[in-house]
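Some notes on the structure that comes next.
The values are calculated or read from the model by the stated rules, or taken from the named source; none is laboratory data. None of the values given here were measured: they were computed from a predicted structure. For neighbour counting, all protein chains shown are included, and Cβ atoms are generated from backbone atoms with ideal geometry for every residue, glycine included. Ligands, DNA and RNA are excluded from the accessible area calculation, which covers all protein heavy atoms including side chains. Shrake-Rupley method; radii C 1.70, N 1.55, O 1.52, S 1.80 Å.
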Amino acid sequence: MRNQTLRFTFLLLLCSSVFSWKKEEFRKCNQTPFCKRARSRTPGSSDLIATRVSITDGDLTANLIPKSQSESDSNPKPLILTLSVYQDGILRLKIDEDPSLNPPKKRFQVPDVVVSQFSDTKLWLQRLTSEDNGLSYAVYLSDGYSAVLRHDPFELFIRDDNSGDRVISLNSHGLFDFEQLREKNEDENWEETFRSHTDKRPYGPQSISFDVSFYDADFVYGIPERATSLALKPTRGPNVEESEPYRLFNLDVFEYIHDSPFGIYGSIPVMLSHGKARGTAGFFWLNAAEMQIDVLAPGWDAESGISLPSSQKRIDTMWMSEAGVVDTFFFVGPRPKDVLRQYAAVTGPSALPQMFAVAYHQCRWNYRDEEDVENVDAKFDEHDIPYDILWLDIEHTDGKRYFTWDRVLFPNPEEMQRKLAAKGRHMVTIVDPHIKRDDNFHLHKEATEKGYYVKDSSGNDFDGWCWPGSSSYADTLSPEIRSWWADKFSYQSYVGSTPSLYIWNDMNEPSVFNGPEVTMPRDALHYGGVEHRELHNAYGYYFHMATAEGLVRRGEGKDRPFVLSRAMFAGSQRYGAVWTGDNTADWDQLRVSVPMVLTLGLTGMSFAGADVGGFFGNPEPELLVRWYQLGAFYPFFRAHAHHDTKRREPWLFGEQNTRLIRDAIHVRYALLPYFYTLFREANTTGVPVARPLWMEFPSDEATFSNDEAFMVGNSILVQGIYTERAKHASVYLPGKQSWYDLRTGTVYKGGVTHKLEVTEESIPAFQRGGTILPRKDRFRRSSTQMTNDPFTLVIALNSSQAAEGELYIDDGSSFGFLEGAFIHRRFIFANGKLTSVDLAPTSGGNVRRTSNVVIERIILLGYAPGPKNALIEPSNQKVDIELGPLWVQRERSPVFMTIRKPNVRVAEDWTIKIL
């Protein structure tokens, strides 16, 4: 009877907490004491001054104390400030309590996010320069920039030394507040309640807040994850409707709504500013506690009496966090890609995925059994639709025990995977952090015996509800426990897994159905006595890290992992892909997917996408087709659906819609060489695959708030269709050069908004004049089967009849590229001649990759017909030039000048001169 009651209670919890989104279940700022306190402060309320400013071990150090309090007081309790300078214009500011004064506990500083090599780039400061009659000290930051510490009142800003203008500042409005830990008085009650949940808060108030200003900025961007516009809208100030701050608190939000500052599955506390006058700057606060951020409208401080430099316009922001320390990074840019490179220097660039992971993924909650898997796989072949990965959700397990199989539904998992692998295909299974509390489950038994679970506030193993019912959660903050978790992915531990099986981490916010706001209580305890409130936003990050390490170990360090995670934090890009979670099958959600993916890319998460078709609900065929046409250009391209939805595999909507979806997927497969090259660029520079228009056109104001279109690399512009039965689309094509329709080759003028007729065949997509796109035009069952297929180069000429492009090739799966086993070519077309140049370094690697793969077609867009031949050097071979189709596989494809069968090897130096 008791078990039946528990099950009934569990079902009620699922219905109320998971299967619908109710705003009242989540806290607002006025229900969150630290946010409410911070928002109530007025400019100038901080009276901190910087004292004892000096250079110590190459850093600027200082004490921060209230001006009303002298250091001769018996108990000054100063804050310790450290300012460090790093190569390439990166400034790090840390502020913490003085450890020599024995605070009640050590405040949590997030480990394992800043990459180890970053410390090697530190510039050792030698001297301070006194300025402003001794009120400020300046230190060298990088060529043309200084960091200035004003000590009375305390303020930090970065200055452009050439103009004297400010770039970024902190505490210019005197809003800095740091609640130091203290012993509890008898009269104090530090507990907080929300709905039926009580947070014991044993260390009391410990929040931090401050203002950050971005100068000469037209817009600010970043701080995912949220479903709203790319450019952040003001949340406070004159003429601003009442709004919540942007919330960074990882939450399991089912059916999230669009156009809301509400935080969802991930939190990356990075903000970028951009403006025509000075370019781009960036700010990152390394803090994993809940954060709330206000973007302040101009005039918000009109009555403050604080006078800031008036010659520069600025955007002011307010950052508020429940706990942690100040550990902030300032990036001076000044170009957009500079800021991305600077941020990558701190947290690492994106991992290079395997080629198969860049292709198309087919997922559903759930494919029922092995017969269902086999039928779906066969139908893709029957309808000539390529795919690379079939996914299994939680129902494939034995009673939702991860690392197991339901042996009735999936009796032969190894054979099932081998059948897919024979076609070059792979499988992904789900492994979530909640572990079923079942004494007969070996994983639970072992974790219990070893003490590897997160503890509740009383020190017992935390017990919460998730899909299996009563569950506990591995404490992956601990390196030892991460190592233990990683070992579970060995073939011996994960019985039924094979080398072609990869992993999906869901519910890792962590989701706890009966917890406050559907997550773990803030007073739960982790390794080292860390409260969950201090690391909440990074829990999924550590779980993702441990899983990725498990796949690396499984492959003995030879196989790149693929792990999809729902939760994310700064640095997650080093471990795999993310997606935007439980979206809905409607047009608004299709529309908002673009700024969501772009925002993730701006904050390091290049390998990101949204569930094609919408996870929840049943898309009409037109919406599904439009979503495939757009999703084919997401960095992560996966269709996924809830188990209550109708089946929606690509062939279930009639022959015409099947053809349109097939065509969209074929476009992705043709462009795989280009996408893979962009993923390598992200892996080396931090620059994302999908980019806002302003990243490529930073001076064009018309691009700054445009988030209906985006760039794929520097060569392709994509404009989604976001309304039903659309007949026309307005598309702004930036820049001075021409653009070529990706499908038809039709040329359009740059710098103009074009009203275009649209058909069901495709969404507007264009190749930028002056670029060269590598393609593979032979369609196979999977990307693996395309490895040795020849390439096509599509040359889109600019007004100077010139173009450039790159192609990166490696084995698509191993870490051999780190040893130099790759091909990297630059193609340059100028003066009627195409040249292939080697970009791979000549030293530093142990091996060089070779290839016999050739280029079989070269298509020239924007070149006047006439020449009949071309000469290949150094082979002194002539080849024909004739009119050929832009897309070989499409009927009635328009024709353009084509160099047929040059058959030059992609790995070699050569030139092709048009005669």
Worksheet entry | Within the accessible area of the range 144-244 (1.4 Å probe), percent carbon and sulfur | 39
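Using r as the Cβ-Cβ distance of Asp406 and Asn869, and R0 as 51 Å, what FRET efficiency do you calculate, to the nearest 0.05?
Here the calculated transfer efficiency is 0.20.
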Worksheet entry | Carbon + sulfur, % of accessible area of the range 528-666 - ligands and nucleic acids excluded, 1.4 Å | 50
Discussion item. 7 Å from Cα along Cα→Cβ at both Ser40 and Lys901: what's the point-to-point distance in nm?
Written reply: 8.2
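So which trypsin sites (Lys or Arg not before Pro) in the range 574-653 are both in a DSSP loop and have at most 15 other Cβ atoms within 10 Å of their Cβ?
Sparse-neighbourhood loop trypsin sites (Lys or Arg not before Pro): Lys646, Arg647.
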Worksheet item: What residues of the range 752-780 lie in the reach of a label at Glu620, counting those whose backbone N is under 15 Å from a point 7 Å from the Cα along Cα→Cβ?
Response: 760
Discussion item. For a Förster distance of 25 Å, can you work out the FRET efficiency between the beta-carbons of Glu414 and His383, rounded to the nearest 0.05?
Written reply: 0.35
Worksheet, complete the sentence: Given unit charges at Cβ for Lys, Arg (+) and Asp, Glu (-), the dipole magnitude of the chain about its Cα centre in debye, nearest 20, is 2360
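Shape call for the range 439-478 from the C-alpha gyration tensor, a ≥ b ≥ c root eigenvalues: rounded (a/c under 1.5), prolate (a/b greater than b/c) or oblate? Don't skip to the end; give the middle numbers.
Numbers: a/c = 1.61, a/b = 1.12, b/c = 1.44.
In terms of gyration-tensor shape, oblate.
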Fill in: By accessible area with a 1.4 Å probe, ligands and nucleic acids excluded, highest first: order of Thr193, Thr51, Thr703
Thr193, Thr51, Thr703
Worksheet item: Which length gain, in nm to one decimal place, applies between Lys755 and Thr723 when the Cα-Cα distance is subtracted from 0.36 nm times their residue separation?
Response: 10.0 nm
Worksheet item: Going by alpha carbons, how many degrees (0 to 90, nearest 10) lie between the helix axis of 655-670 and the longest principal axis of the chain?
Response: 80
Worksheet item: With labels modelled as points extended 7 Å from the Cα through the Cβ direction, what inter-label distance (nm, one decimal) is found for Thr198 paired with Ser163?
Response: 5.7
Worksheet item: So for the chain: antiparallel DSSP bridges make up what percent, rounded to the nearest 5?
Response: 85
Response to the item:
In nanometres, the difference between 0.36 nm per residue of separation and the alpha-carbon distance of Asp132 and Ile257 is 40.0 nm
Worksheet item: Hey, if you put +1 on the Cβ of every Lys and Arg and -1 on every Asp and Glu Cβ in the range 580-705, which of Trp694, Gly613, Phe675 ends up farthest toward the positive end of that dipole?
Response: Phe675
Discussion item. As I understand it, the value is the acute angle between the Cα axis of helix 587-602 and the longest principal axis of the Cα atoms of the chain; what does it come to in degrees, rounded to 10?
Written reply: 70
Worksheet, complete the sentence: D (µm²/s, integer) via Stokes-Einstein for the range 486-585, Kirkwood Rh across alpha-carbon pairs, 25 °C, 0.890 mPa s: value 167
Worksheet item: Which whole number in µm²/s is D for the range 28-176 by Stokes-Einstein, with the Kirkwood Rh taken over Cα pairs at 4 °C and 1.567 mPa s?
Response: 76
Worksheet entry | Computed FRET value (nearest 0.05) for Ser483 with Ser119, which takes r as the C-beta separation and R₀ as 30 Å | 0.80
Discussion item. Run the reach check for Lys878 against lysines, Cα to Cα strictly under 28 Å, same-chain hits fewer than 8 apart removed. What comes back?
Written reply: Lys776, Lys833, Lys868, Lys901, Lys913
Discussion item. If I model the range 238-377 as equal point scatterers sitting on the Cα atoms and use the Debye formula, what is log10 I(q)/I(0) at q = 0.11, 0.12 Å⁻¹?
Written reply: -0.65, -0.75
Response to the item:
From the Cα centre of the range 87-112 to that of the range 809-834, the distance in Å is 42
Worksheet item: Within the accessible area of the range 810-915, what % is carbon and sulfur when the probe is 1.4 Å and the other protein chains stay in place?
Response: 49
Item to complete: Could you work out how far helix 539-554 tilts from the main Cα principal axis of the chain, as a 0 to 90 degree angle to the nearest 10?
Response: 50
Worksheet item: Taking the simple approach of a point 7 Å from Cα along Cα-to-Cβ for both Leu915 and Leu101, what is their distance in nm?
Response: 8.4
Worksheet entry | Proximal lysines to Lys276, defined as alpha-carbon separation beneath 23 angstrom and excluding residues fewer than eight positions away on the same chain | Lys233, Lys313, Lys337, Lys736, Lys749
Worksheet item: Under a straight-distance cross-link criterion of Cα-Cα below 26 Å, which lysines are reachable from Lys445, leaving out those fewer than 8 residues away in the same chain?
Response: Lys400, Lys436, Lys455, Lys488
Practice prompt. Would you please name the trypsin sites (Lys or Arg not before Pro) within the range 214-289 that are DSSP coil residues with at most 14 other C-beta atoms within 10 Å of their C-beta?
Written response: Lys276
Worksheet item: If you project the alpha carbons of the range 571-695 onto the principal axes, what extent comes out on each, in Å, largest first?
Response: 43, 28, 27
Fill in: Residue-span extension gain [Trp190 to Leu883] - 0.36 nm each, minus C-alpha spacing
241.7 nm
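Which value, in Å², gives the accessible area per residue of the chain when a 1.4 Å probe is used on the protein heavy atoms?
37
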Item to complete: At most 15 other Cβ atoms within 10 Å plus a DSSP loop assignment makes a site exposed; report the longest stretch of the chain without any exposed chymotrypsin sites (Phe, Trp or Tyr not before Pro).
Response: 492-915
